[in-house]
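The values are calculated or read from the model by the stated rules, or taken from the named source; none is laboratory data. The structure presented is a predicted model; accordingly, all values stated were derived computationally and were not measured. FYI the Cβ positions are ideal-geometry reconstructions off the backbone, even for glycines, and counts take in every protein chain you see. The accessibility values were calculated without ligands, DNA or RNA, using every heavy atom of the protein model including side chains. Shrake-Rupley method; radii C 1.70, N 1.55, O 1.52, S 1.80 Å.
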Amino acid sequence: MGRGAARSPVLVTYGDVSLTREDLALLDDHGWFNDQLISFFCEWLTRTAAKTHPAAARIVLVPPPLVFFLTFAADPADVASVVCPLRLAAARAVVLFVNSATMMAEAEGTGAVPPPPGGGAVGDHWSVLLWDARARAFSAWDSSCRANAAAARRVAAALHPHLLDAEAAGRGAAMDGGGGSRGGGRREGHRGDTPGAPDGPAGGAAVAGDGGVVVENVRCLPQQRNSSDCGPYACAYAYAIVRQLLAAGSDGSTDLDIDAVRADVATGAETRESLRAIIEGVMAGQEP
């Protein structure tokens, strides 16, 4: 997501994502995943899960450009145009790819899919933020301890009002249809920082973000061993989370098994090779 030279011709297009030779080179050891690779992974995982699991429609994966736009866009109408298609009211879980970027930047040379109405991000670390609708909780999945804690809180604070709106709309629709509402009101957050904060179900301290939104840091996750594997690990976390959610069934009545997710996380090197094989299959016309 840093600035660079103009992008070369596109080698493969998958959904709304286009990859160039420079993007594919980032799959090599020590290549730092950009928006394009992670957006490709999001599109692939969404399509692949939907083919075999009816519950997949209730798992929303949000790619980096949309996460960044949701976090920093100033116009509520623009944000609403991005949020509405996500169908948050029906979501069992929302998986967001978080970058440490803290400022808007022109998309020139970033390798990013420009989020509407344009712009990209400049940052140096990837992580995953999970909204678990059953637990009504956010959790942060970070391959470098808590390097992206502030960014995760920022994204959670930006998304939370839209989750509340979706929840309220869902309750209203249920009552209009003669059904009762399920669940309570807003999940109140704990203000302050890590010291004294309560432990959440993910095993990490629950830390309040803007507006008192709690983000629980998931402990004991497989960690990157270099400065470039945060992107591969973010993809590996997301893949393992989705696998466990789908294994739990389509009704969303089973808690996410955090220990099973931890055990299912691939290494950075394994993720690079797996993603390379997936992309090569798409380039060869073998739709995954």
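Report yes if some residue within the stretch 276-284 is more than 17 Å from the chain's Cα centre (by Cα), free of Cβ contacts under 8 Å to residues at least 24 places away in the same chain, open to solvent by 80 Å² or more (accessible area, probe 1.4 Å) and closer than 23 Å to VAL17 by Cα; otherwise report no. Can you show your working first?
The initial filter retains those residues of the stretch 276-284 that are more than 17 Å from the chain's Cα centre (by Cα), namely 276-284.
Those left that are additionally free of Cβ contacts under 8 Å to residues at least 24 places away in the same chain: 277, 280-281, 284.
Then keep just the ones that are open to solvent by 80 Å² or more (accessible area, probe 1.4 Å); that gives 280.
So of that shortlist, the ones also closer than 23 Å to VAL17 by Cα come out as 280.
So far as the stretch 276-284 goes, yes, one or more of its residues are more than 17 Å from the chain's Cα centre (by Cα), free of Cβ contacts under 8 Å to residues at least 24 places away in the same chain, open to solvent by 80 Å² or more (accessible area, probe 1.4 Å) and closer than 23 Å to VAL17 by Cα.
Check the stretch 258-271 and report whether any residue there is open to solvent by 30 Å² or more (accessible area, probe 1.4 Å), touching a Pro at 6+ places or on another chain (Cβ under 6 Å) and either of a type in the set (D, E, K, R) or not in a helix (DSSP H, G or I) (or both). Looking through the stretch 258-271, none of the residues is open to solvent by 30 Å² or more (accessible area, probe 1.4 Å), touching a Pro at 6+ places or on another chain (Cβ under 6 Å) and either of a type in the set (D, E, K, R) or not in a helix (DSSP H, G or I) (or both).
The rows are residues; the columns are (1) at pLDDT below 95; (2) within 18 Å of VAL261 (Cα to Cα); (3) among the charged types (D, E, K, R).
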| position | (1), (2), (3) |
| --- | --- |
| GLY123 | yes, no, no |
| ASP142 | no, yes, yes |
| HIS162 | yes, no, no |
| GLY170 | yes, no, no |
| GLY183 | yes, no, no |
| ARG191 | yes, no, yes |
| ALA206 | yes, no, no |
| GLY211 | yes, no, no |
| CYS220 | no, yes, no |
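Please enumerate the residues belonging to the stretch 66-100 that are over 19 Å from ALA168 (Cβ atoms), among the β-branched types (Val, Ile, Thr) and open to solvent by less than 10 Å² (accessible area, probe 1.4 Å). Result: VAL67, VAL95, VAL98.
Restricting the stretch 40-59 to residues that are out of contact with any strand residue (DSSP E or B) (no Cβ under 9 Å at 6 or more places or on another chain) and β-branched (Val, Ile, Thr), the residue that is surrounded by the most Cβ atoms within 10 Å (Cβ to Cβ) is THR48.
Could you give me the residue pairs with C-beta distances under 7 Å whose first residue belongs to the stretch 12-28 and is in contact (Cβ under 8 Å) with a residue 24 or more places away in the chain, whose second residue is in a helix (DSSP H, G or I) and open to solvent by 50 Å² or more (accessible area, probe 1.4 Å) wherever it lies, and which are 6+ apart or on separate chains? Cβ pairs passing all conditions: VAL12/MET283; TYR14/GLU43; GLY15/GLU43; VAL17/GLU43; LEU27/ARG276. Residues in the stretch 19-61 that are closer than 18 Å to PHE97 by Cα and assigned to a strand (DSSP E or B): ILE59, VAL60, LEU61.
Within the stretch 72-86, which residues are outside any helix (DSSP H, G or I) and under 21 Å from SER139 (Cβ atoms)? Scanning the stretch 72-86 gives no hits.
Residues that are without any contact (Cβ under 8 Å) to a residue 24 or more places away in the chain and part of a helix (DSSP H, G or I) were ranked within the stretch 244-257; the one that is nearest to the chain's Cα centre (by Cα) is GLN244.
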